[in-house]
Amino acid sequence: MRRYLSDWKGLIYNLAFFLNGLLVFLLLFEDRFTVPIWMQAVGRMHPLVLHFPLVVLILYCLWVVIVEKPDSTRWNAQLADSLLIIGTLTAVVAAFSGFILSKEDGYESDTLLWHKWLGIAISLMSIVLYGSRKYLAPWKLHSKLIVGAFLVIVFVGGHLGGNLTHGEDFLISPLGPSQDETPKVAFEEAKVFDNLVKPVLEQKCLSCHNEEKAKGGLQIQTQALLVKGGKGGMLWDTTKADLGLLISRLHLPLEDKKHMPPRGKVQLTDEEIVLLAAWVKGGSRFDQMVSSLSPQSPVYAYAQNVLGGGRTEEQYDFSGADADEVKKLNTTYRLIKPLSAESPALFVNFYNRANFKSEDIEGLMPLKGQIVSMDLSKMPVKDEDIKRLAQFPELRKLILNFTDVTGATLGELKKLTKLRELSLSGTAVKMAQIKTLESIPSLKKVYIWSTGLSVEELATLKKGQKIAFETGFRSDTLVLALNPPIIVTEKQLISKDEKVTLKHQIAGTVIRYTLDGTEPDSTKSLVYDKPIAITKNSTLKARAFRAGWYGSKQVDKVFFKAGYPVDSAQLLTPVDPGYKGKGAASLFDGKVGDTERVSGTWLGFNQNDFQGYLYFKKPVQAANVTISMLRNIGSYIFPPTRIEVWGGANEKSLKLLKVISPEVPKKDIPGAENLVYEAAFEPQQLSCIKVVAKPLSKIPEWHGGKGGKGWMFIDELIVN
């Protein structure tokens, strides 16, 4: 035992030699090497282990450089050998983990290539230094030159790694002009994107989404790249309740893998999140001036804090709210913030349509004496909610754009004696209801774009002197496109007694739809005039049409006919730990997986086939099994290559009922999409059903992950 302990350096040297050999072998066959899922954790240890060998090797090199003569009291050969062998082992561990990490998606630059090869060079040179240390006396000039060159490589490799993580100018940025020396743009000349939004994106997002490191295929260093989006599609979509990828991922829990910025990175402040959401809700314009905004706008308030400005804020005669109360009432999709620093006035923004309830307005009553601005754009606010809003006596600004308000209760706003600005764009208000607003003495401006009021009615309102009605730009030669209709029904699994509801914010708009997969047009497609019954699995496609407007873009959604209630289910093959959903319960929980946030809804398979049982306590007369799956080729999620459906009275009496063999895509298909596979067979009594699905074993040559295994995502199995 003592002999082995005394030769510990030899053991470590042999281990380091073996690992370097393995690393060289992997490099020679890099094109054929695919990182298994279990090994990804090794790669992600790279940031944890790389600092130790850097410190140890730098210390050893500096020690060699300062030794002057053989009998120097500064030199301790045993300690120097210990430092070098420890540095040698940890260097190869860091190089190996870095090589594994480099195989992950999103690292695509020349900087990565140089960093990887220098890291491997450092590992190989370390073991060569240790093996030849007897021939490299530290007090000789050639030894100092070799070690000095090695030290330069260590510094350069570390610098390139810092550039990958923190950006190209990470090391030298403190040497550049200080922030105070950078000329600030004048408030009146500032643009919302260039001077407010862009700096936030550069500070919090650019380090992971640039030409050197494009996580998710996304780069944001130019406006064109920002609009283009990444592998997940466009970054924003105002037709969605959560405004699309950019805003929804900011609101995910910090522990969620899809949360942005990732855990460990500097997070956005609440004010910055409000800024980005307000910019997206306002149309994500790149040319909008800050000075064109209302002083009540949250973007305007943010600009005052960041840019300054000579405008005088309104003085309020009420005291500030209790900070703990404000913090308690803030939620993921309802943000309450002061208008500006030290101001007692609060503004409120709502973000997620799907999560909104009327009680969310009632819940703000403890702050009714401080809330001066409320933005409920695109929330399902109804006429009865106006009565709740009328209970906030300090409201100066109320935004109800594209809500469900029809105007029947607008008279309730007379109670708001300080209301100066009201926005009703995109609602179904009528002329008579708009006229009731003239009885509100404090009201100065009303926005009524896209409300369905006739040109004559709008002209009449514009002639009024008391209230300034903003009706938007109109031209006899300009035809605008309608917004897409809204599919109100959130759930996708529709039972016998349920129906699908559509709506459009502009009165007089005709919604046409199809359920047979064809594209809806303005003449032949079905007209939506009542909720739609779903009698079979269908893809609903809808467009909006109105005289004097271009037809809207298409909106679509997959709906499933609910089947027999499943009593229990069992998974026969293991699910990938990163995508385990609710386990077997995901197969019959009545919820179809989200096409964007896949971490908590789908069962993911890569190394194994999917095999699962469905059980019924009483036999059911079955003739069809629907399998809900996902395709997102940019994220390596492919259709299965084979689906088998088996059935019988129990596991031992199963017989093959149906085989489906989906085709492998021959080219990239952008975005994510629900796939629906229907296995129809002769009607029969079944108590046990087994479904088998096989993932793609080899990704095609045209794909960036060619040769590797494809992912397969599955969630709901429906028996009819």
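Bear in mind these aren't lab numbers, they're just calculated from the coordinates by the rules spelled out. For clarity, every value in this text was computed on a predicted model and none was experimentally measured. Heads up, the Cβs are rebuilt from the backbone with ideal geometry, glycines too, and the neighbour counts pull from every protein chain shown.
The figures follow:
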item	result
For peptides 360-366, 332-338, sequence by mean Cβ density within 10 Å, most packed first	332-338, 360-366
Packing rank of 83-92, 350-359, where each peptide gets the mean count of other beta carbons within 10 Å, highest leading	83-92, 350-359
Tensor-based shape of the stretch 111-158 (alpha-carbon gyration tensor, a/c under 1.5 rounded, otherwise prolate or oblate)	oblate
Proxy reagent accessibility, fewest Cβ within 10 Å first, across Tyr613, Tyr60, Tyr316	Tyr316, Tyr613, Tyr60
Given Lys191/Lys281; Lys258/Lys591; Lys368/Lys418; Lys530/Lys582; Lys9/Lys134; Lys231/Lys698, the pairs whose alpha carbons are separated by over 25 Å	Lys530/Lys582
Only Lys, Arg (+1) and Asp, Glu (-1) charged, at Cβ; the stretch 568-719 dipole about Cα centre in debye	320 debye
Magnitude of the charge dipole, the stretch 234-470, Cβ model with Lys/Arg +1 and Asp/Glu -1, debye to 20	400 debye
Cα centroid separation - the stretch 536-611 against the stretch 371-387, whole Å	32 Å
The stretch 624-708: trypsin sites (Lys or Arg not before Pro) falling in loop per DSSP and having at most 14 other Cβ within 10 Å	Lys666, Lys667, Lys698, Lys706
Length released on extending from Trp114 to Leu526, taking residue separation times 0.36 nm less the Cα-Cα span	142.4 nm
Neighbourhood charge, 15 Å Cβ-Cβ cut-off, centred on Phe545 and excluding it, Lys, Arg +1 and Asp, Glu -1	+4
Burial ranking of peptide ranges 144-155, 195-206 (average Cβ count within 10 Å, highest at the top)	195-206, 144-155
DSSP-loop GluC sites (Glu not before Pro) across the stretch 623-672, with at most 14 other Cβ within 10 angstrom	Glu663
Among the listed pairs Lys337/Lys387; Lys491/Lys690; Lys204/Lys503; Lys387/Lys536, those beyond 32 Å (Cα-Cα)	Lys204/Lys503; Lys387/Lys536
Residues Ser248, Ser291, sorted so that the one with the fewest Cβ neighbours within 10 Å comes first	Ser291, Ser248
Per-residue Cβ neighbour rank within 10 angstrom, fewest leading, Trp75, Trp602	Trp75, Trp602
